[in-house]
Amino acid sequence: MSGSSGLDLQSRNGGISLTDVRGQIELATTNGGITLKNVNGDVRGHTTNGGVKVELSGDGWHGQGLDVQTKNGGAQIVVPDGYSAHLEASTKNGGVRCAFPVTVQGTVGRELSTDLGQGGAPIIIKTINGAVTIARQ
């Protein structure tokens, strides 16, 4: 799906995938993953049994922010060089892996909170049972 829109999407036993969409977006799925590529706006999503993959593009988040969460599955975010946003990543039962240097304050463990580039809108990605991977594009 692509364009600028207000969306409220729900799925059971299947995943949700969005590409090139900007707007107010609510996503919920059970037994399926969430894949987001080049999205912006006010994006909120959660899944119960499935992974989350987010591929950011451009120079920063345009809109209110992103908040995607899963209970049982890995969470991956791919960040391009020079991207600006405030990143929060966490897991309860797993590790956090980051493929590039970041500045953090406090203890690094299962939570990471840092400004990318010049900072900006919040990008939140969380899992309860799984690893969080922050990759460089």
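The values are calculated or read from the model by the stated rules, or taken from the named source; none is laboratory data. In this text, all values refer to a predicted model and were calculated from it rather than measured experimentally. Virtual Cβ from ideal backbone geometry, glycine too; neighbours counted across all protein chains shown.
Restricting attention to region 7-27, which residues are under 14 Å from the mean Cα position of the chain (by Cα) and either closer than 17 Å to Ile128 by Cβ or surrounded by fewer than 19 Cβ atoms within 10 Å (Cβ to Cβ) (or both)? Of everything in region 7-27, those that are under 14 Å from the mean Cα position of the chain (by Cα) and either closer than 17 Å to Ile128 by Cβ or surrounded by fewer than 19 Cβ atoms within 10 Å (Cβ to Cβ) (or both) turn out to be Ser17, Thr19, Glu26.
Scanning for something touching a His at 6+ places or on another chain (Cβ under 6 Å) and either at pLDDT below 95 or aliphatic (A, V, I, L, M) (or both), does region 65-81 turn up at least one residue?
Looking only at region 65-81, we keep the residues that are touching a His at 6+ places or on another chain (Cβ under 6 Å), and these are 69.
Among the residues that remain, those that are also either at pLDDT below 95 or aliphatic (A, V, I, L, M) (or both) are: none.
Among the residues of region 65-81, not one is touching a His at 6+ places or on another chain (Cβ under 6 Å) and either at pLDDT below 95 or aliphatic (A, V, I, L, M) (or both), which makes the answer no.
Scanning region 87-137 for residues that are under 24 Å from Gly33 (Cβ atoms) and among the acidic types (Asp, Glu), we see that the one that is farthest from the chain's Cα centre (by Cα) is Glu111.
Determine, yes or no, whether Ala75 is farther than 29 Å from Asn13 by Cβ and without any contact (Cβ under 8 Å) to a residue 60 or more places away in the chain. When the stated conditions are applied, Ala75 does not pass them.
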